[in-house]
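Participant: Got a structure for you, written out below as structure tokens; questions coming shortly.
The values are calculated or read from the model by the stated rules, or taken from the named source; none is laboratory data. Small disclaimer: the values here were computed from a predicted structure and weren't measured. Please note: Cβ atoms are built from the backbone with ideal geometry, for glycine as well, and neighbour counts cover all protein chains shown. Side chains included, ligands, DNA and RNA excluded: accessible areas come from the protein's heavy atoms. Shrake-Rupley method; radii C 1.70, N 1.55, O 1.52, S 1.80 Å.
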Amino acid sequence: MVVIGLTGGIGSGKSTVARQFGSLGVHWVDADDVAREVVEPGMPALATIADHFGEGILTEGGALNRAGLRQIVFEQPEQRAWLEGLLHPVIRDELVRQLHPDNYALPYVLLVSPLLLETDQHQLAERAIVVDVPVEVQLSRTMARDTNSREQVERIISAQMPREQRLAKADVVIDNNQPSNRVLAEVRALHEAFMVDFG
Ligand code: ADP
């Protein structure tokens, strides 16, 4: 099974483009979803986190207190390292599992991740597609979607890989600063090419 990575900054249109591939029958896995799933109640990683930090890291309902955990790892780099050491392999294993669905007829799947190029996730992927828009478009679309302030979104963007660096690492760039039907046409063409290359 060939894995194609799909990445881009916040609000670039990763999810939108992933759904377009999905409409063509392509299976895709969202790394953010998987990162949340592995610490849901009942998952072994959540029990390990509760053992390490104490039950106070759980909400009354037994879910992970994400804000509390963020605060701890923000203040204590060694705890961040511990947490990453725990979660990265767990997330990676679950990604690999979900990237190999049963009874799937196409020769490739998509791994959708904002951190594809920043982490070792790119090692899972044969090629990297970057969904690209100018920073101003990223800002306005994210503000419209999330009702965050301009400052909040700017802070997130500046914590992510700079646009030029991301583009330099791309095997394929999808220009998402155009109407959806034009983007879908690009997606269809790419899909046809992948079907030939990997079929
Ligand atoms: P990401 O997953 O990269 O954070 P999304 O796919 O959620 O980005 O897109 C961000 C916002 O921009 C969403 O509200 C989406 O509907 C909108 N959007 C995506 N692509 C386009 C486009 N080509 N034209 C207009 N709006 C778009």
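Participant: Within segment 95-112, identify whether any single residue is under 20 Å from Ala35 (Cα atoms), within 16 Å of the ligand (Cβ to nearest atom), touching a Lys or Arg at 6+ places or on another chain (Cβ under 7 Å) and not charged (D, E, K, R), and answer yes or no.
Facilitator: Taking segment 95-112 and keeping what is under 20 Å from Ala35 (Cα atoms), we get 95-101, 109-112.
Retained after the next criterion (residues that are within 16 Å of the ligand (Cβ to nearest atom)): 110-112.
So of that shortlist, the ones also touching a Lys or Arg at 6+ places or on another chain (Cβ under 7 Å) come out as 112.
After this cut, where a residue has to be not charged (D, E, K, R) as well, the list is 112.
Yes, because at least one residue in segment 95-112 is under 20 Å from Ala35 (Cα atoms), within 16 Å of the ligand (Cβ to nearest atom), touching a Lys or Arg at 6+ places or on another chain (Cβ under 7 Å) and not charged (D, E, K, R).
Participant: Taking the condition within 22 Å of Gly25 (Cβ to Cβ), more than 11 Å from the ligand (Cβ to nearest atom) and not small (Gly, Ala, Ser), does Arg127 pass?
Facilitator: Values: within 22 Å of Gly25 (Cβ to Cβ): yes; more than 11 Å from the ligand (Cβ to nearest atom): yes; not small (Gly, Ala, Ser): yes.
So Arg127 fits the description; yes.
Participant: OK, next. I'd like the full set of residues that are of a type in the set (Asp, Glu) and open to solvent by less than 50 Å² (accessible area, probe 1.4 Å), limited to segment 9-65.
Facilitator: If the condition is that a residue be of a type in the set (Asp, Glu) and open to solvent by less than 50 Å² (accessible area, probe 1.4 Å), then Asp30 is the only one that fits.
Participant: Does Ile4 fit the bill of being open to solvent by less than 10 Å² (accessible area, probe 1.4 Å), more than 14 Å from the ligand (Cβ to nearest atom) and free of Cβ contacts under 8 Å to residues at least 60 places away in the same chain?
Facilitator: Details: open to solvent by less than 10 Å² (accessible area, probe 1.4 Å): yes; more than 14 Å from the ligand (Cβ to nearest atom): yes; free of Cβ contacts under 8 Å to residues at least 60 places away in the same chain: no.
No, not satisfied.
Participant: Does Pro162 satisfy the criteria of being assigned by TED's automatic domain parsing to the domain that holds Met1 and without any contact (Cβ under 8 Å) to a residue 40 or more places away in the chain? Working first, answer last.
Facilitator: Values: assigned by TED's automatic domain parsing to the domain that holds Met1: yes; without any contact (Cβ under 8 Å) to a residue 40 or more places away in the chain: yes.
In short, yes.
Participant: Among the listed residues Leu184, Leu124, Leu116, which satisfies the condition of being touching a strand residue (DSSP E or B) at 6+ places or on another chain (Cβ under 6 Å) and open to solvent by 30 Å² or more (accessible area, probe 1.4 Å)? So that I can check it myself, show each step before the final result.
Facilitator: Working: Leu184 fails: touching a strand residue (DSSP E or B) at 6+ places or on another chain (Cβ under 6 Å); Leu116 fails: open to solvent by 30 Å² or more (accessible area, probe 1.4 Å).
Only one candidate qualifies: Leu124.
Participant: Give me the pairs, please: first residue somewhere in segment 180-191 and without any contact (Cβ under 8 Å) to a residue 40 or more places away in the chain and within 14 Å of Val26 (Cβ to Cβ), second residue anywhere and more than 15 Å from the ligand (Cβ to nearest atom) and part of a helix (DSSP H, G or I), beta-carbon distance under 9 Å, and either six or more positions apart or on two chains.
Facilitator: none
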